[in-house]
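These notes are about the structure you will find just below.
Values quoted throughout were computed directly from the atomic coordinates according to the rules given, and no laboratory measurement underlies them. As the structure is a computational prediction, the values presented were derived from the model and not from experiment. Note that we place each Cβ from the backbone using ideal geometry, even for glycine, and neighbour counts take in every protein chain shown.
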Amino acid sequence: MKRSQINNAIDKAKCVLEKQKITLPMFGYWTIDDWNINKDRTKLIRDIMLGWDVTDFGSDNFLKTGAVLFTLRNGDVFNKNKGTPYAEKYIILDDAFEQEIPMHFHNKKTEDIINRGGGTLMVQLYNSTTTGVLDETSDVMVVTDGISKIVPAGGIIEISTGNSITLVPGIYHRFYAKKGGGMLVVGEVSTINDDYTDNVFLNKSARFCQIEEDEKPKYLLVNEY
Ligand SMILES: [Fe+2]
């Protein structure tokens, strides 16, 4: 992705959050200078990777496959004394081209994916086999806000504002903003998030993207601290 595209995507995400009356913690609004001034007291934030994250998952087509994410809280899977034993994120998805987080499952993380407002959240589901292959035949058992559901392989669940789905390890999922529904704010509440060890993508994807520096960064991303 180009740096200009990342700067613009975060500017836009901040407006979308504001429209939903969601205010980020202080460091969500920091400039690069603010990060430099606060360097000594932000080691924990940088270690557990809180803050902005923009990615196209290596697709080179950010508006279709990509997201702006902001991690609010997290821990360290290798050090229980660091951070919290849980994680929380906002994920902003553009409905214009049904922007999506591509099909993946988690080895260890259980996550609630929540529609926080602005659009309609669509979640497609499959089981994985014991070897991590997508299972195209078996029904998927899920819980949505305490209600058990059985979904056929590849079935899509539509989630409206205020509602959520719980995804346990091994369930393949992709989610996107339904076209025409508006810019969507997704919430994620989960066990500790480790993007370096826990994600298994169906198709080869890069969790963090290559950046072409065509203008100065306005924000630091979590993988740039
Ligand atoms: Fe996930």
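Please give me, ordered by residue number, the GluC sites (Glu not before Pro) of the range 137-225 that lie in loop per DSSP and have at most 10 other Cβ atoms within 10 Å.
Working: sites: Glu158, Glu188, Glu212, Glu213, Glu215, Glu224; in loops: Glu213, Glu215, Glu224.
Those satisfying the criteria are Glu213.
Could you work out the relative contact order of the chain, using alpha carbon pairs under 8 angstrom and six or more residues apart, expressed as a whole percent?
30
In debye, nearest 20, what is the charge dipole magnitude of the chain about its Cα centre with +1 on Lys and Arg Cβ and -1 on Asp and Glu Cβ, if you could check? Intermediate results must be reported in sequence, preceding the final value.
Values: 26 positive and 31 negative charges, 91 e Å.
Roughly 440 debye, rounded to the nearest 20.
Among the listed pairs Lys19/Lys64; Lys2/Lys149; Lys21/Lys64, which have their C-alpha atoms separated by more than 32 angstrom in this model?
Working: Lys19/Lys64 22 Å; Lys2/Lys149 41 Å; Lys21/Lys64 26 Å.
As for pairs spanning more than 32 Å Cα to Cα, those are Lys2/Lys149.
May I ask you to order 33-42, 10-19, 194-203 by the average number of other C-beta atoms within 10 Å around their residues, highest value first?
Working: 33-42: 11.7, 10-19: 16.8, 194-203: 15.1.
Result, highest mean first: 10-19, 194-203, 33-42.
Using a cut-off of 14 Å between beta-carbons, work out the net charge of the residues near Asp76 (Lys and Arg +1, Asp and Glu -1, Asp76 not included).
+3
Can you pull a Stokes-Einstein diffusion coefficient for the chain at 25 °C (0.890 mPa s), Rh from Kirkwood over Cα pairs, as a whole number of µm²/s?
Details: Rh = 17.9 Å.
For the chosen part, D equals 137 µm²/s.
In straight Cα distance, which lysines are under 22 Å from Lys43, not counting same-chain residues fewer than 8 positions off?
Within the straight-line cut-off, Lys43 pairs with Lys80, Lys82, Lys89, Lys218.
Helix 3-19 versus the longest principal axis of the chain: what angle, 0 to 90°, nearest 10, using Cα atoms?
In the chain, helix 3-19 runs at an angle near 70 degrees to the longest axis.
Rounded to the nearest 500 deg cm²/dmol, what is the calculated helix-only ellipticity per residue at 222 nm for the chain, with -39500 (n - 2.57) per DSSP H run of length n ≥ 4?
Values: 3 runs with 28 residues, N = 225.
The helix contribution divided over the chain gives -3500 deg cm²/dmol.
Considering only DSSP states other than H, G, I, E and B, which trypsin sites (Lys or Arg not before Pro) in the range 139-191 qualify as loop sites with at most 10 other Cβ atoms within 10 Å?
The qualifying sites: there are none.
How many angstrom separate the Cα center of the range 111-144 from the Cα center of the range 77-101?
Result: 16 Å between the Cα centres.
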